Amino acid sequence: MKPAAFDYVRAESVAHAAEVLAGAGGDGKVIAGGQSLMPMVNFRLVKPSVLVDINAIAGLDRVELDGSRLRIGALVRHFTTARDSVIARHAPIVTEAMKHVAHLTVRNRGTFCGSVCHADPAAEMPMMTVLLDGQIHAVSARGPRIVPISEFFAGSLVTSLEPDEVVTAIDLATTPRDTGYGFHEFARRHGDYALAAVAVLMRLEDGKARDIRIAVMGVGEMPSRVPTAEEVIEGNELSEPMIMRAVESLRAAISPNSDLNASADYRRHLAGALAGRAIRDAWSRAREAVLP
Ligand SMILES: Cc1cc2nc3c(=O)[nH]c(=O)nc-3n(C[C@H](O)[C@H](O)[C@H](O)COP(=O)(O)OP(=O)(O)OC[C@H]3O[C@@H](n4cnc5c(N)ncnc54)[C@H](O)[C@@H]3O)c2cc1C
């Protein structure tokens, strides 16, 4: 397929990108890695009047630690996210989840922020942004704004980003060193989008689970936390029966769709099995972290 005709602008700065988007009357599109956008443009699923290329804007390719937040610039590629030592130290679950993202060629171009903006319900980095209370830094001709992740996703491939806004960075909460993590997903082939995935964080205090976070993806219109499953575990000593109660609670809380790849029942069963594994991994890593 060939795309419909569009103009192309290589933005020199964030302000320039915002200016071009403002002039496009809602029909402009930012292009970062192009790994999701270009297939959609080629299939004419989107027909932008202008593509605003942000790849030449200086300073957007940095990962920075700012107090207890990690700031990931709009041109940080998946390849960098997977190997960055600051991310590995302060948010190791992101490094773990990155192992499941696509293939080398896609990782060389695809960006963390582009993945979150694309909002695929089965993509790993949107889920990490939910798990780690992400904030989206957006700029338009009207000025900058910060959108909490709880207000960002509006459905499958839909966000609350305005068409004239460019995302400059996403920041994530760091996890304390004594946090255990677990991430499990199932895809038919390595690098494919997942049928389901579950991510878990927890600390242990006096043998009891604290600050537990459980997030799921691939089993709904967007990635989400599962508070009912978290409540089963929070403040308690873990045991196998308790993990199974959390698993059942998670299965009851999700509403997966049936599609060509899997039925809703299969996805619900799968998410539970993955949750059990992720909870056990997080528990085991949290125990190791408090060993004398
Ligand atoms: C074969 C293949 C396999 C893949 N497998 C996986 C996988 O297993 N897991 C996974 O998570 N992803 C997968 N992907 C998607 C990949 O991770 C993409 O790179 C990513 O989803 C989008 O990042 P990008 O930088 O390429 O964004 P682009 O394609 O450039 O843009 C995607 C969307 O986000 C918008 N956008 C991008 N950056 C900005 C910005 N700074 N401000 C405002 N809007 C912006 C664009 O306008 C567009 O709407 C796969 C892709 C391919 C082609």
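Once the Cβ-Cβ distance between residue 64 and residue 177 is put in as r, and R0 is 30 Å, what FRET efficiency do you end up with, to the nearest 0.05? Between residue 64 and residue 177 the formula returns 0.95. Extending 7 Å from Cα along the Cβ direction at residue 288 and again at residue 265 yields two label points whose distance is 3.8 nm.
Accessible surface calculations at 1.4 Å, restricted to protein heavy atoms, place the chain at 46 Å² per residue. In order along the range 195-205, the phi-based Karplus estimate (6.51 cos²θ - 1.76 cosθ + 1.60, θ = phi - 60°) of 3J(HN,Hα) comes to 6, 6, 8, 9, 10, 9, 10, 7, 10, 10, 10 Hz; Gly and Pro are listed as x. Angle of helix 264-289 to the longest C-alpha principal axis of the chain, folded into 0 to 90 degrees and rounded to 10: 70°.
About its Cα centre, the range 139-204 has a charge dipole of approximately 220 debye under the convention of +1 per Lys or Arg Cβ and -1 per Asp or Glu Cβ, with nothing else charged. Placing unit charges on each Cβ (+1 for Lys and Arg, -1 for Asp and Glu) gives the chain a dipole about its Cα centre, and among 100, 25, 127 the Cα reaching farthest toward its positive end belongs to 100. Note on the chain: helix-only mean residue ellipticity at 222 nm, from DSSP H runs of 4+ residues weighted -39500 (n - 2.57) and normalised by residue number, equals -10000 deg cm²/dmol. Remark: the range 117-130, residue by residue, has Karplus-estimated 3J(HN,Hα) of 5, 5, 6, 6, x, 10, 9, 6, 6, x, 5, 5, 5, 5 Hz, where x stands for each Gly or Pro and the curve is 6.51 cos²θ - 1.76 cosθ + 1.60 at θ = phi - 60°. The Kirkwood hydrodynamic radius of the range 52-204, based on inverse pair distances between different Cα atoms, is 15.7 Å. With the Kirkwood sum run over all distinct C-alpha pairs, the range 167-292 has a hydrodynamic radius of 15.0 Å.
You can think of it this way: the chain between residue 237 and residue 86 has 51.2 nm of extra reach, that is 0.36 nm per residue less the Cα-Cα gap. Where nothing but the Cβ of Lys and Arg (+1) and of Asp and Glu (-1) is charged, how large is the charge dipole of the chain around its Cα centre, in debye to the nearest 20? Rounded to the nearest 20 debye, it is 680 debye. Pairwise alpha-carbon distances in the chain exceed 24 Å for 51% of all pairs.
Computed on the Cα trace of the range 1-80, the radius of gyration divided by the Kirkwood hydrodynamic radius gives Rg/Rh = 1.04.
What a 1.4 Å probe finds exposed on the chain is 51% carbon and sulfur by accessible area, rounded to a whole percent.
Annotated for the chain: lysine pairs at least 8 residues apart or interchain, Cα distance under 30 Å, count 5. Relative contact order of the range 111-261, taken over Cα pairs closer than 8 Å and 6 or more residues apart, is 21 percent.
Around the amide H of residue 168, modelled in the peptide plane, lie the amide H atoms of 137, 138, 139, all under 5 Å away and 5 or more residues distant in sequence or on another chain. Across the range 79-89, rounded Karplus estimates of 3J(HN,Hα) from the backbone phi angles (6.51 cos²θ - 1.76 cosθ + 1.60, θ = phi - 60°) give 4, 6, 4, 5, 10, 5, 6, 5, 5, 4, 7 Hz, Gly and Pro being marked x.
Computed from Cα positions, the angle between helix 240-253 and the longest principal axis of the chain comes to roughly 40 degrees.
The values are calculated or read from the model by the stated rules, or taken from the named source; none is laboratory data. From a predicted model like this one, the values you see are computed outputs, not experimental measurements. Virtual Cβ from ideal backbone geometry, glycine too; neighbours counted across all protein chains shown. For accessibility, only protein heavy atoms count, side chains too; no ligands or nucleic acids. Shrake-Rupley method; radii C 1.70, N 1.55, O 1.52, S 1.80 Å.
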